[in-house]
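The values are calculated or read from the model by the stated rules, or taken from the named source; none is laboratory data. The structure displayed is predicted, hence computed values, not measured ones. Methodologically, a virtual Cβ is constructed for each residue, glycine included, from the backbone with ideal geometry; neighbour enumeration extends over all protein chains shown. Quick note on the areas: whole protein, heavy atoms, side chains included, nothing else; ligands and nucleic acids left out. Shrake-Rupley method; radii C 1.70, N 1.55, O 1.52, S 1.80 Å.
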Amino acid sequence: QVQLVESGGGSVQAGGSLRLSCVASGHTHNTMAWFRQSPPQEHDFVAGISRYGGTTIYADSVKGRFTISKNVDKNTMYLQMNSLKPEDTAAYYCASRDNRDIRHEASAYDYWGMGTQVTVFS
């Protein structure tokens, strides 16, 4: 069983930065990803990272602005978000899956955190 706990959300002015963290416990060497949800939308893929951090994938909407990374020793995944825009406003979720490949579909992930809210105001 894997437990995921996100932190680092908050309110920031457009153009600003935030760094999200996700601490994993349990079987931690999984493929992981960040999703975001702004109701009534479904969970949208933001970025994913392979088990040991060698491969990363980003949604087109965040490429060049967001960076996903992982500290395997600390069982922690990060999302550095720069040049934030109002349309980045959402609840951000950390997710983990037992299989190796990074998937964009939320249904492919086995474990989820409770989420952390990011609000970007203009």
Problem set entry | Of the criteria (1) hydrophobic (A, V, I, L, M, F, W, C); (2) crowded, with 18+ Cβ neighbours inside 10 Å; (3) touching a helix residue (DSSP H, G or I) at 6+ places or on another chain (Cβ under 7 Å), which one Ala14 fails | (2)
Problem set entry | All positions within region 77-101 that are open to solvent by 10 Å² or more (accessible area, probe 1.4 Å) and either closer than 17 Å to Gln37 by Cβ or modelled with pLDDT of 95 or more (or both) | Tyr78, Gln80, Asn82, Ser83, Lys85, Pro86, Glu87, Thr89, Ala91, Tyr93
Problem set entry | Residue match in region 43-52 (condition: loosely packed, with under 15 Cβ neighbours inside 10 Å and in contact with a Ser or Thr (Cβ under 8 Å, 6 or more places away or on another chain)) | no
Seminar exercise, completed: Reported set for region 58-76 where residues are more than 17 Å from Cys22 (Cα to Cα) and either β-branched (Val, Ile, Thr) or exposed (fewer than 14 other Cβ atoms within 10 Å of the Cβ) (or both) is Asp60, Val62, Lys63, Gly64
Problem set entry | Neighbours by Cβ (under 8 Å, 6+ apart or cross-chain): first from region 99-122, without any contact (Cβ under 8 Å) to a residue 24 or more places away in the chain; second open to solvent by 50 Å² or more (accessible area, probe 1.4 Å) | Ala108/Asn99
